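The values are calculated or read from the model by the stated rules, or taken from the named source; none is laboratory data. As the structure is a computational prediction, the values presented were derived from the model and not from experiment. Positions of Cβ are backbone-derived with ideal geometry, glycine not excepted, and every protein chain shown enters the neighbour counts.
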């Protein structure tokens, strides 16, 4: 296992970076989720890979018996999974919304916030003004 | 260690509870707004109380739920973090006040105020935690809230900016998590005070430096350092100005705070590499930021780029690791939070008079009929450049003096040159918005602008908010002495973490002074 | 999705999962389990019935806006921490007492808060996505 896990982490990181280098936003999000899983494995291995007994205190005792596994990395991994899950959910919803609103998942085609210099520049402000005016009932 | 530690807990849970309450009241905008403002005011009160406690009795720490350090999670406040939470709470209050005039019913009913309050809770948590994994958790809470605020409203530009913000910030948090995992693997602890001790005992300093650089990378993305700041100018100008103000003021500063905390408390074993890299990044960030600002011709985007360049200034003191340098860094950071709120909010009022258009060609003519606005804009603008008598001057003076004392000529030269370019940027901005005649408008445009200008009710919220910030910036400049004295103590605590460690682990835990390799101390 | 088999099976499965989620929540006191995992089980059950009967049905059955449920959960969790005021202890320190002869403590309230946050947050996300499709 000492050999397998690092190799697995390496493969996961390599795959995720390959995916994130894509211009396709869906691939980027998939790469991010893969990367967060690789990191969870890193934390898991940082608690040392041992065959050990569960860190449970026996009835009436105050300390767990000798040779117990370190429970902390697992708590950390659990927290990281939860947070990663929340972030991934947001990322997916945002990607979906971006596809709906902008009509593309190609990140180089997303230039609404930073238009190129030859494009009409006040496009940003105008759209905002219309939107806000409509919200305030002035149109 | 205070007995039950409520002064440390209250600044975090007050906004959290207010957020829940504000969400429950989302159908009653006025009530919700009041809860938001009152929550911020209460938070400000608690943070000021905490600052008083820390100033009188030194760093405070509390082991949450009585799991003692270094095993449980601790909350710690030294002067640096106590000062920062006060300024953050003040920022939150100003933004909550101003928001009523700016964000509109739609956004308010979709959770603007809860997000705002959760963001503040996350900021307070990040400033006050003494546990590095907990720092990561607060970062994530903060990130979730900023995601919400950034795309709230769902305009095209917001979604576009949000995508880039999301992607790069997620990479940063994953990097941070990796670094934390590896550091835990090497030291077996997550408590920052304990890490200070354990890091000195590590027998593989090269690996430790690699981990330090991973932390540096993660926080560099968060703080918007060159060359990792691309997400910042891509997204900060897209939400309403009040959200931009909040982001510009707080988010990057939390990255800088974490950097300062980690590179003064934990990674001081190989300063030639880590702090040397920070110096180079500071120089490049200053240059890239001001040049970006000089190249833009849209007020929102110019202001956004000034956020980047100012981060470079803040890092000077950390790169030097001298007392004068850190005084400059801490003071500059504190006042820059206020400066960014002031600039963005005053700018927000200015664009309201131009129907929310912020391109240079569409602005102008406000000097004649909105003189007060020119004044409240000019005060933070002067602080941004570093002109006396406002607060930015003292920060820059300490930074430049620190750099000169350490004989860091390149840092000094670039800081001064970047300040000159900032002067040009701010001058052009001011001339464009206020002195240049207003652009010729068609009948329809003029009507649209009139309909769009802030109403009397809007003004009742905007004016006090913006004026309060300007007054504090001016006050910090004129009566800098007592604040500088506090900041000096804060810098001392950063340089010599004995008090911090004693507060967390007790007096027996403090190790003998570590031997520094290649330090500039 | 309109499937007779799914709808019939869901009626039993969803109810079982909700019951099981409460069991897991309470079991977390001394054994593996707790608010988070219990909340996920409950959310899975509710998500299943939203697949079978549609999101409107779920909203009607839940009665309470999922995001509000999450916020109530936050209040419950923070409130559990605040109970330590009465014991004169540090924030979040467990407080114990007897209710109707059963020993209960503030960690249970905290766990229930976590449960509500998880169910609320997961359902808010899933319902938002499902309603988008219609």
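Does residue B:355 meet the test of being more than 18 Å from residue B:332 (Cα to Cα) and within 14 Å of chain A (Cβ to nearest Cβ)? Yes: the conditions hold for residue B:355. Checking B:272, B:294, B:319 one by one, the residue that is in a helix (DSSP H, G or I) and in contact with a strand residue (DSSP E or B) (Cβ under 8 Å, 6 or more places away or on another chain) is B:272 and no other.
Only one of B:181, B:161 is modelled with pLDDT under 90, buried (at least 24 other Cβ atoms within 10 Å of the Cβ) and farther than 27 Å from residue B:498 by Cβ; which? Just a single option satisfies the conditions, and that option is B:161.
Name every residue in region B:18-30 that is out of contact with any helix residue (DSSP H, G or I) (no Cβ under 6 Å at 6 or more places or on another chain) and either at pLDDT 90 or above or outside any helix (DSSP H, G or I) (or both), in order of residue number.
B:27, B:28
Mind listing just one residue for me: the one in region B:131-147 that is more than 23 Å from residue B:50 (Cα to Cα) and more than 9 Å from chain A (Cβ to nearest Cβ) and, of those, surrounded by the fewest Cβ atoms within 10 Å (Cβ to Cβ)? Restricting to residues being more than 23 Å from residue B:50 (Cα to Cα) and more than 9 Å from chain A (Cβ to nearest Cβ), the top hit is B:145. Scanning region B:203-230 for residues that are exposed (fewer than 15 other Cβ atoms within 10 Å of the Cβ) and free of Cβ contacts under 8 Å to residues at least 60 places away in the same chain returns B:203, B:204, B:206, B:207, B:210. Comparison of B:176, B:120, B:128, B:116 shows that the only residue that is in contact with a strand residue (DSSP E or B) (Cβ under 7 Å, 6 or more places away or on another chain) and either closer than 28 Å to residue B:97 by Cα or within 12 Å of chain A (Cβ to nearest Cβ) (or both) is B:128. Check region C:52-73 and report whether any residue there is farther than 21 Å from residue B:65 by Cα, surrounded by fewer than 16 Cβ atoms within 10 Å (Cβ to Cβ), within 12 Å of another protein chain (Cβ to nearest Cβ) and without any contact (Cβ under 8 Å) to a residue 60 or more places away in the chain. Yes - at least one qualifying residue is present in region C:52-73.
Output the residues belonging to region B:11-36 that are surrounded by fewer than 22 Cβ atoms within 10 Å (Cβ to Cβ) and either more than 9 Å from every other protein chain (Cβ to nearest Cβ) or in contact with a strand residue (DSSP E or B) (Cβ under 7 Å, 6 or more places away or on another chain) (or both). Matches in region B:11-36: B:25, B:27, B:28, B:29, B:30, B:31, B:33, B:34. If you go through region B:306-339 and keep only what is surrounded by fewer than 24 Cβ atoms within 10 Å (Cβ to Cβ) and farther than 17 Å from residue B:259 by Cβ, you end up with B:323, B:324. Only one entry in A:82, A:57 is at pLDDT 75 or above and within 11 Å of chain B (Cβ to nearest Cβ), namely A:82.
For region B:52-65, the count of residues that are within 14 Å of another protein chain (Cβ to nearest Cβ) and out of contact with any strand residue (DSSP E or B) (no Cβ under 9 Å at 6 or more places or on another chain) is nonzero.
Of all residues in region A:40-54, which are part of a helix (DSSP H, G or I) and facing chain B (nearest Cβ under 8 Å)?
Taking region A:40-54 and keeping what is part of a helix (DSSP H, G or I), we get A:40-46.
Hits for region A:40-54 are A:42, A:43, A:45, A:46.
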